[in-house]
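**Student:** I'd like to ask some things about the structure below.
The values are calculated or read from the model by the stated rules, or taken from the named source; none is laboratory data. Since we're looking at a predicted model, the values are computed, not measured. For neighbour counting, all protein chains shown are included, and Cβ atoms are generated from backbone atoms with ideal geometry for every residue, glycine included. To get the accessible areas, we keep the full protein, side chains included, count just its heavy atoms, and leave off ligands, DNA and RNA. Shrake-Rupley method; radii C 1.70, N 1.55, O 1.52, S 1.80 Å.
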Amino acid sequence: MEDVSAKFVSQKISRTRWRPLPAAALQPPDLFATGSWDNEDNRISIWSAGDLGNAGLNGEYHGEPHLLCDIQHNGDVMDMQFLDQERIVVASSTGTVTIFRHHQNNQTLSADHRWAKAHYHVDQDTSSGGAACTGVVCNNPEIVTVGEDGRINLFRADQKDAVRTIDNADSSTLHAVTFLRTTEILTVNSIGQLKIWDLRQQRNEPSQIFSLAGDRVPLHCVDRHPNQQHIVATGGQDGMLSIWDIRQGTMPVSLLNAHEAEMWEVHFHPSDPDHLFTCSEDGSLWHWDTSTNVSEKPSFLHQGGRSTAYLSHSTMNQSVVSAWLSNDPTKDRMEITNLIPNQTLSVNSLDVLGPCLVYGTDAEAIYVNRQLFA
């Protein structure tokens, strides 16, 4: 893993996010943001991924990430998402949601807008009682947040008050949220349920509910396939990866044995979704590769932390052949690589964009891999 650069940052990192690239950009991502947790003084930081001018003879990069600017954040950073090239939406354990702006001309961060106690247990106006905002997702200018209080908020970046609040969306903790399409969101909760919400409907009920059978394991993370909106991946407290087809049934299509402890994040690669990445409390970060040429590769069963897994067969005929839902036995093969062979502390967050991966850990370090597919 000589193409990974590490930076020790003296704070536990809870979130890492690449700044999105402009639509026509050809260059790899160059800036990322991090948020911290469980520190006396938590911070939002913007980093340069490393010195691109220093590429060696073979195109390999040198230089570790370096800090461009940072700003204090009240409470643990529970989630964060770029709204656009300059603005980042941050969810706090205090229940507050803040938009920070990165000023690139003088490399500073400032708080652009703040929704104080967007999530709360008893009363929004009392001095205490904030409930952690656990998840945020953006589709500029819209921002959706979920929290420990079972609330869903829909904000607009340009409006002071919430556009819509679903107060008792869930009787349990909502852990994460994603957009299925511009008017539909999907939430996951602490009793193993996925719920779809149609934001055009005024009634405060989900349009569909899916759930894990059996033990109702808390789900911590969710991501939607970038091209096929009906395919969704979730991860939870038992470390399993679940693949769902929301057009069919109410149960996952596949349950895949994965990590030995909580799965904190799951991400389809945004432009190459045959690749999926998961990270865990157990200190591992897995790359799941279902691309069609996997079956031609040699099996790495006995080398360097790789293994070959088999997707469970779904009994339904799929109209769209996706590697994640496929019935074709030659495609049922998947290569899994642990990208961090001997890490011990939790890997709390990861993000992938182009050929680059960034992740952050409780070992107070951030890591950048710029040649994921090398």
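**Student:** When a/c reaches 1.5 or more, the comparison of a/b and b/c decides; with that in mind, is the stretch 190-241 rounded, prolate or oblate per its Cα gyration tensor?
**Tutor:** Oblate, because a/c is 1.5 or more while a/b does not exceed b/c.
**Student:** Under the Karplus relation 6.51 cos²θ - 1.76 cosθ + 1.60, θ = phi - 60°, what is the ordered set of whole-Hz ³J(HN,Hα) values for the stretch 183-190, x standing for Gly and Pro?
**Tutor:** With the stated coefficients, the stretch 183-190 comes to 10, 10, 10, 10, 10, 10, 10, 7 Hz.
**Student:** Express the carbon and sulfur contribution to the solvent-accessible surface of the stretch 106-164 as a percent, rounded to the nearest whole number, probe 1.4 angstrom.
**Tutor:** 42 percent
**Student:** Find the accessible area per residue for the stretch 3-43; the probe is 1.4 Å, ligands and nucleic acids are left out, and the unit is Å².
**Tutor:** 47 Å²
**Student:** Then there is this: I'd like the Karplus ³J(HN,Hα) series for the stretch 362-374: coefficients 6.51, -1.76, 1.60, θ = phi - 60°, whole numbers in Hz, and an x wherever there's a Gly or Pro.
**Tutor:** 6, 7, 6, 9, 10, 10, 10, 10, 9, 9, 4, 9, 5
**Student:** So, one more: What order do you get for 66-72, 181-187, 109-115 when each peptide is scored by the mean count of other beta carbon atoms within 10 Å, highest first?
**Tutor:** Highest mean packing first, the order is 181-187, 109-115, 66-72.
**Student:** Just grab the label-to-label distance for D38 and T250, each label 7 Å out from Cα along the Cβ direction, in nm (one decimal).
**Tutor:** 3.6 nm
**Student:** For the stretch 189-234, report the accessible area per residue in Å² (1.4 Å probe, heavy atoms, rounded to an integer).
**Tutor:** 45 Å²
**Student:** Dimensions of the stretch 161-270 along principal axes (Cα, Å, largest first)?
**Tutor:** Principal-axis extents of the Cα atoms in the stretch 161-270, largest first: 41, 31, 28 Å.
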